[in-house]
Structure formats: structure tokens, C-alpha cells
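> Can you keep this structure in mind? I'll have questions shortly.
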Amino acid sequence: MKINGYTKITGIFGDPIGHTLSPAMHNAAFNALGLNAVYVPFHVKSNLPGELKAAVESIRALGLLGVNVTIPHKEKVLKYLDEIEPHAMDLGAVNTIVNKDGKLIGYNTDGAGYLLSLRDETGFKAGRKRAVIIGAGGAARSIVYSILAAKPVSVVIANRTLRRAEALARSFARKFDSTDIIAAPLDKDSLFEHFVKADLVVNTTSTGMMGKGELDLPLGALPARAVVSDIVYRPLRTGLIKNAEKLGLKTHGGLGMLVRQGAIGFELWTGKKAPVKVMEAAALKALRIR
Ligand SMILES: NC(=O)c1ccc[n+]([C@@H]2O[C@H](COP(=O)([O-])OP(=O)(O)OC[C@H]3O[C@@H](n4cnc5c(N)ncnc54)[C@H](OP(=O)(O)O)[C@@H]3O)[C@@H](O)[C@H]2O)c1
């Protein structure tokens, strides 16, 4: 990579930010396509008032191509943007900002990235299917939205804190009224009842991450056609994925979502087709070095 007077800059705003795999992924993609651009991490502190606003204004002032936005800024950043794409507006969260000739436009590529990787790795398409989503946090919200947009028969949102599942289900009920959206507790009997009919189970909780414990899910109740998906990618193969594999079920790990949400952002910034395989290999390498 050569930095010179023509180098374009992209990056990521987050707090903390040291753990991010995105610079490795995007810089590998710029190199592969011979683009004179660079991707850097920006530690935008959340405890200092005014920092996020100043950081967003700097995208325009410094002429960045755009940035990714990660925890804890995805929701707060909306009010500083000029335009928000409808999908991101519905979610109330932005993970990608594009600087279009000085106009800052917010997108959310998480859910679309998730579905693309699920389709590519397992062939799964959510239309006319039954999905069970474990968790009701920010990642669940993006994934549930994109699955609902594909018109499934039903989506069950099962969460440890039931009222969060209920709030999430309620927030999409009017927009997606052709699908049954059901909030459920995270207990074995209730899960069993939903798993028996499920085509897809997705873990969107942080359980399964190193040191965070594992959920005890009744995977044996799932039909043989079901796909088990886990958006956690540290480790690459979580306990959930290993248990599903032992039962002969199709599985889908979390790295693909990270790569695909990034690839959509890369295409928005550069107008070029993202080299997804290059990005995946770079993310894998960065993950293994840690
Ligand atoms: N692959 C990717 O590209 C990608 C993208 C985004 C996020 N992620 C991963 O997804 C995970 C969730 O992220 P997020 O942003 O959605 O977090 P979040 O908004 O904080 O939500 C966390 C969710 O996990 C649940 N949870 C946490 N600990 C639990 C436990 N011990 N037992 C049962 N449920 C538990 C929470 O339940 P309560 O509501 O009851 O607290 C909540 O539903 C993280 O591990 C993150 O790294 C991956």
C-alpha cells in the first residue's frame, strides 16, 4: 500500500475499536483492486460530549469516502447525517456512512450482509420459511428486519428478557403484517415447541463467545432440513455450531455476516464489486493472529 497525495480515506468509528477486523478486510480489498485508498480505525470516545458530532463533521471536512460505525455509536449517529436510507431509518441504526459530494448518507448493511452470507454458505432463502431468532439486541433487530422483508411465514424472537423480545416484535408488526411475529421466553419448553417447525435458528446473543458461556438449546427438536446459524465468530466454530454439526444439521457461522456487511459498504464507497473472498481471507487471518 502506497500513501500519497491522492489516497482516499475510509475507516470505522467505535469505542472500543482495538478489536476490529474491518481494517484488515478493507485494506486487503483496496490492494486487490489496486485502489489508492486506505481504511483506518478511529477511536471516537463515547464519554466525551460532542466527540461523535465532531467526528461525523470531519468526514465532510477531511473528504473521507465514508466510514463504518460500530458500538456504541450506531443509533446516536443518525441525528448528525444529511440523509438516512429508509431501511436504516426503520432500524434506527446506521453502520455505514457514505460521503456523496459532501452529503453524508447513512445505511445499515448488517441484515442484508447476514442474509447474503446465509444464502451463499447454505443456500437458505427466508421467503415462506419459519425462523427462530435467539436474542433481541441490536444485531437481532437488523437480522429480524431483513428476514421479515423476505416474507417468511413466521419469525419467533426468543429472549432472556421477554419484554425486549415483545418490544422488538411490536416494532415491526405493522410494517410486516403478512408474517406471524411471536415473542417468546428463552426457556426449553417454549423453544422446543417452536424448534419442531423451524427452518432456521439464529443465535444473535453474545453467548458462545469466548468466556461468555453457552445456551442449552433443544437442537434435537429441529427438523433435518433446519439450518443453525450463529453470528458469533470468536471462536469461528461456537459450541452451538459444533452441536448442530453433530446432529447432521446445516450450519452457518458468524464471519460471513461481518464480511458481507463490509462488502456492501465497500461497494457503496467505491462503486466497485467487492472482492468478497479476499476480504474473508484477510478477516480470517486477522482473527487467527489475535
Ligand atoms: N457476525 C457479525 O457480523 C456480528 C454483527 C453484530 C453483532 N455480532 C455479535 O452478536 C452478539 C450480540 O450483539 P448485539 O449488538 O446484538 O448485542 P446487544 O444489543 O447487547 O444484545 C445482546 C443480546 O444477547 C442476550 N444475552 C446476553 N447474554 C446472555 C446470556 N447469558 N443468556 C441469554 N441471553 C444473553 C441479551 O439478552 P437480554 O436482552 O436478556 O439482555 C440480548 O438479547 C455479539 O456477540 C456480537 O459480537 C456479530
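The numbers here are math on the coordinates, done by the rules we state, and not lab data. What you see is a predicted model; the values in this text were computed from it and never measured. Cβ: placed from backbone, ideal geometry, glycine included. Neighbour counts: every protein chain shown.
> Based on Cβ point charges of +1 for Lys and Arg and -1 for Asp and Glu, what charge dipole magnitude is obtained for the stretch 111-253 about its Cα centre, in debye rounded to the nearest 20?
Dipole magnitude for the stretch 111-253 comes out near 300 debye.
> Additional query: Calculate the FRET efficiency for T161 and N31 from the Cβ-Cβ distance with a Förster distance of 45 Å, rounded to the nearest 0.05.
Given R0 = 45 Å and the Cβ-Cβ separation, E is 0.55.
> Per DSSP H run of at least 4 residues, take -39500 (n - 2.57); add these up for the chain, divide by its residues and hand me the 222 nm value, nearest 500 deg cm²/dmol.
-11500 deg cm²/dmol
> Projected onto the charge dipole of the stretch 4-154 (+1 at Lys/Arg Cβ, -1 at Asp/Glu Cβ, origin at the Cα centre), which of S117, V38, T20 gives the Cα projection farthest towards the positive end?
S117
> Which residue, A274, S178, L65, has the largest displacement toward the positive end of the dipole of the chain when charges sit on each Cβ (Lys, Arg +1; Asp, Glu -1)?
Among A274, S178, L65, the one farthest towards the positive end of the dipole of the chain is A274.
> Ranked from highest to lowest mean number of other Cβ atoms within 10 Å per residue, what is the order of the peptides 75-87, 244-256?
Values: 75-87: 16.0, 244-256: 17.8.
The peptides rank, most packed first, as 244-256, 75-87.
> Per-residue counts of other Cβ atoms within 10 Å, averaged by peptide: what ranking do you get for 260-270, 4-14, highest first?
Per-residue mean Cβ counts within 10 Å order the peptides as 260-270, 4-14.
> Any idea what angle helix 51-61 forms with the longest principal axis of the chain, computed on alpha-carbon atoms, 0 to 90 degrees, nearest 10?
50 degrees
> Calculate the FRET efficiency for R288 and S46 from the Cβ-Cβ distance with a Förster distance of 25 Å, rounded to the nearest 0.05.
About 0.25, to the nearest 0.05.
> Go ahead and collect, in residue order, the members of the stretch 212-233 whose backbone nitrogen is under 17 Å from a label point 7 Å along the Cα-Cβ direction of K188.
214-222
> Please get the size of the charge dipole for the chain, origin at its Cα centre, with Cβ charges of +1 on Lys and Arg and -1 on Asp and Glu, quoted in debye to the nearest 20.
It comes to approximately 420 debye.
> For the stretch 111-253, what class follows from the C-alpha gyration tensor (a ≥ b ≥ c being the square roots of its eigenvalues): rounded when a/c is under 1.5, otherwise prolate if a/b is larger than b/c, else oblate?
rounded
> Want the number for R119 to R237: 0.36 nm per residue separation, take away the alpha-carbon distance, what's left?
40.6 nm
> Could you give the length gained on full extension between I3 and S58, defined as 0.36 nm per residue of separation minus the Cα-Cα distance, in nm?
Result for the pair: 17.8 nm of gain on full extension.
> Turning to a different aspect of this structure: Using θ = phi - 60° and the Karplus curve 6.51 cos²θ - 1.76 cosθ + 1.60, what whole-Hz ³J(HN,Hα) does each residue of the stretch 274-290 get, with Gly and Pro shown as x?
Using θ = phi - 60°, the values come out as 6, x, 4, 5, 5, 5, 5, 5, 5, 5, 4, 5, 5, 5, 6, 5, 5 Hz.
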